[in-house]
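Read through the structure below, which is laid out as structure tokens, and then see the notes.
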Amino acid sequence: MRHSLAIVLLLLASPAAAQSLSAPFSASVINSGQPGIQGIPLFLWNGFGGATFDDRATLRVDRDVETSSGGGKPWWTYKAFWANTTTSFVSPGFEWVITSELHNRSRKSANAQNVAVNGTAWKQPTDNGEETGTTWAGNFNCVDQTGLPNPTTSCVALELDVGGIVGPDLNRQRVLSHAAGGGQPGAHVGYGYMVSTGQGVTIDRAFSTANVGSTFGIGLDLAGASFSGAAILMAPGQWLGFDGNADGKFSRFLGFNPADGALTYMTSGGPVLRVTDDGATYVGRIVETIPHVPASSSAPCVTGEHAWDQSFEYRCVAPNRWRRASLSDW
């Protein structure tokens, strides 16, 4: 298989190009012990005209490991296609190791779905019925080896951009990321998005928005979904912050404390509202802006309801049964 890529490239080129490529073919590229083409740019081009179309791939690399006895090295990573680039310390250019560009000009009525990059991994049954190992359709890593504690330049594992946009998007069809649950009816997917860490690793923000001169319409929109459980699920002891800033600081928050079984709204001055599981409510202040004063002692009411005006305090002591007490200065 080590010769296969070089041979495929030679066969795809024209006869004249094949003759020119024969010289730079090396049995040990840069003394790596690996055969290949050394020191030459290579360009593959396919053009289709008229009504004909060739459905063969421009470049195809097949690796089919059909050995029932195993083989290979434990935890060794094998590559079907490997592109390795090292940048210069002072290079001002942008080195993009693998670039895929698709110029999509097909009409909407043609119903074509054209993709610049596609990664499909088929998780298939094993030979002995054992569960198939973990399968990744796409994997991106940015490994920061600089050792700097607070870098000012990014190490981004994945960036999604939608460019070339002018004007509004009333139908909301320009999408940065779309997680579709399953490719067939009845499919069941565990998580839409899952953020996890390794042992001892801390993620400062599981999900974050950075507003640099931009405006977001809605931060989190769940209105179009149907949930069999909670729309937002939090564990006991976790909090919702309300007046946070970009540094993650906040002074107003709401959360459930399992120690006392109370839902609590807190400010920097202390708890403002606490509601326990048995219904007990602790409030710093109560201000009734619309007291709903009853017209008579038999006006509709629910036991425990109360109201007031400038002369009386009203209390519903039974269904549709009010009592009142006079108010006076002191």
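The values are calculated or read from the model by the stated rules, or taken from the named source; none is laboratory data. Note that this is a predicted model, so its numbers are computed, not measured. All Cβ positions, glycine included, derive from the backbone under ideal geometry; neighbour counts span all protein chains shown. In case anyone asks, the SASA skips ligands and DNA or RNA and just uses the protein heavy atoms, side chains included. Shrake-Rupley method; radii C 1.70, N 1.55, O 1.52, S 1.80 Å.
A few notes on this one:
- Within the range 182-216, restricting attention to residues that are more than 18 Å from the chain's Cα centre (by Cα) and under 26 Å from ASP247 (Cβ atoms), the residue that is modelled with the lowest pLDDT is VAL212.
- Flag for ASP247 being within 24 Å of SER268 (Cβ to Cβ) and charged (D, E, K, R): yes
- Every residue from the range 85-113 that is more than 30 Å from GLU66 (Cα to Cα) and either surrounded by 10 or more Cβ atoms within 10 Å (Cβ to Cβ) or among the aliphatic types (A, V, I, L, M) (or both): THR87, VAL90, VAL97, LEU102, SER106, ALA110, ALA112
- Conditions (1) open to solvent by less than 70 Å² (accessible area, probe 1.4 Å); (2) among the hydrophobic types (A, V, I, L, M, F, W, C); (3) more than 27 Å from TRP96 (Cα to Cα): number failed by PHE216: (1)
- Neighbours by Cβ (under 9 Å, 6+ apart or cross-chain): first from the range 255-267, of a type in the set (D, E, K, R); second surrounded by 16 or more Cβ atoms within 10 Å (Cβ to Cβ): ASP260/ARG274
- From the list GLY138, GLY129, GLY93, the one residue that fits, being without any contact (Cβ under 8 Å) to a residue 24 or more places away in the chain and either outside any loop (DSSP other than H, G, I, E, B) or more than 26 Å from ALA157 (Cα to Cα) (or both), is GLY129.
- Answer residue from the range 302-330, given it is closer than 19 Å to ILE286 by Cβ and among the aliphatic types (A, V, I, L, M) and is least open to solvent (accessible area, probe 1.4 Å) among those: ALA307
- Subset of the range 242-258 [surrounded by 12 or more Cβ atoms within 10 Å (Cβ to Cβ) and closer than 23 Å to LEU222 by Cα]: PHE242, GLY244, PHE253, LEU254, GLY255, PHE256
- Which listed residue is surrounded by fewer than 10 Cβ atoms within 10 Å (Cβ to Cβ), over 30 Å from GLY181 (Cα atoms), of a type outside the set (Lys, Arg) and modelled with pLDDT of 90 or more, from ALA295, ALA230, ALA223, ALA299: ALA295
- Neighbours by Cβ (under 9 Å, 6+ apart or cross-chain): first from the range 35-56, open to solvent by 90 Å² or more (accessible area, probe 1.4 Å); second of a type in the set (Val, Ile, Thr): TRP45/THR58
- For TRP239, the stated conditions hold: it is open to solvent by 100 Å² or more (accessible area, probe 1.4 Å) and under 30 Å from ASP221 (Cβ atoms).
- Test for ALA110: is it over 20 Å from GLY182 (Cβ atoms) and in contact with an Asp or Glu (Cβ under 9 Å, 6 or more places away or on another chain): no
- So THR67, is it out of contact with any Cys (no Cβ under 7 Å at 6 or more places or on another chain), modelled with pLDDT of 85 or more, loosely packed, with under 10 Cβ neighbours inside 10 Å and among the hydroxyl-bearing types (Ser, Thr, Tyr): no
- Only strands (runs of 3 or more DSSP E) whose full extent lies in the range 251-330 are considered here, and the ones with at least 3 residues that are basic (Lys, Arg) are 321-326.
- Qualifying residue in the range 9-30 (condition: at pLDDT 50 or above, open to solvent by less than 70 Å² (accessible area, probe 1.4 Å) and within 42 Å of the chain's Cα centre (by Cα)): yes
- Some residue of the range 259-269 being charged (D, E, K, R), more than 30 Å from GLU159 (Cβ to Cβ) and open to solvent by 60 Å² or more (accessible area, probe 1.4 Å): yes
- THR120 being assigned to a loop (DSSP other than H, G, I, E, B) and surrounded by fewer than 10 Cβ atoms within 10 Å (Cβ to Cβ): yes
- Filtered residues of the range 134-181 (kept if surrounded by 10 or more Cβ atoms within 10 Å (Cβ to Cβ) and touching a Gly at 6+ places or on another chain (Cβ under 8 Å)): ALA137, GLY138, GLY181
- Of the residues making up the range 123-133, those that are open to solvent by 80 Å² or more (accessible area, probe 1.4 Å) and among the polar types (S, T, N, Q) are GLN124, ASN128.
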